[in-house]
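Each remark here refers to the structure printed beneath this line.
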């Protein structure tokens, strides 16, 4: 099966599309040597992220096993994850991300 998205670490809760993935299509996600499938519920453009599992409002969003932001609302599996539902925490001097 040809991969259509990647996640770098098993801890990641988002994947990045490596090609456009239309809503309703199954994304084939490579995580290291593993492959998993998830149905996307919105169109996902090349280079954009989508949730691999449910992410609760306020929960950290992990990419490359690093916190890249915080969910501003509940995010469903397969949902586009971007500035409309993700508050970036990168480059903010007012936060201690430990």
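The values are calculated or read from the model by the stated rules, or taken from the named source; none is laboratory data. From a predicted model like this one, the values you see are computed outputs, not experimental measurements. No Cβ is skipped: glycine too gets one built from the backbone with ideal geometry, and neighbour counts run over all protein chains shown.
Mind listing whichever residues of the stretch 73-98 are modelled with pLDDT of 95 or more, farther than 18 Å from residue 7 by Cβ and surrounded by 14 or more Cβ atoms within 10 Å (Cβ to Cβ)?
Selection gives 74 alone.
Filter the stretch 39-58 for residues that are in contact (Cβ under 8 Å) with a residue 24 or more places away in the chain and within 15 Å of residue 84 (Cα to Cα) and give the result. It would help to see each step written out before you state the result.
Filtering the stretch 39-58 down to residues in contact (Cβ under 8 Å) with a residue 24 or more places away in the chain leaves 39-53, 55.
Listed by number, the residues that qualify are 42, 43, 44, 45, 48, 49, 50, 51, 55.
Out of 67, 61, report the one residue that is part of a strand (DSSP E or B) and under 11 Å from the mean Cα position of the chain (by Cα). Steps first, answer last, please.
Numbers: 67 fails: under 11 Å from the mean Cα position of the chain (by Cα).
Exactly one of 67, 61 is part of a strand (DSSP E or B) and under 11 Å from the mean Cα position of the chain (by Cα), namely 61.
Could you give every pair whose Cβ atoms fall below 9 Å, whose first residue belongs to the stretch 16-30 and is more than 13 Å from residue 51 (Cα to Cα), and whose second residue is surrounded by 17 or more Cβ atoms within 10 Å (Cβ to Cβ) and modelled with pLDDT under 95, counting only separations of at least 6 or pairs across chains?
Final answer for the pair search is 18/30.
Quick check on residue 12: is it in contact with a strand residue (DSSP E or B) (Cβ under 9 Å, 6 or more places away or on another chain) and in contact (Cβ under 8 Å) with a residue 40 or more places away in the chain?
yes
Would you point out which residue out of 7, 17, 27, 56 is modelled with pLDDT of 95 or more and loosely packed, with under 13 Cβ neighbours inside 10 Å?
Result: 56 is the single residue among 7, 17, 27, 56 that is modelled with pLDDT of 95 or more and loosely packed, with under 13 Cβ neighbours inside 10 Å.
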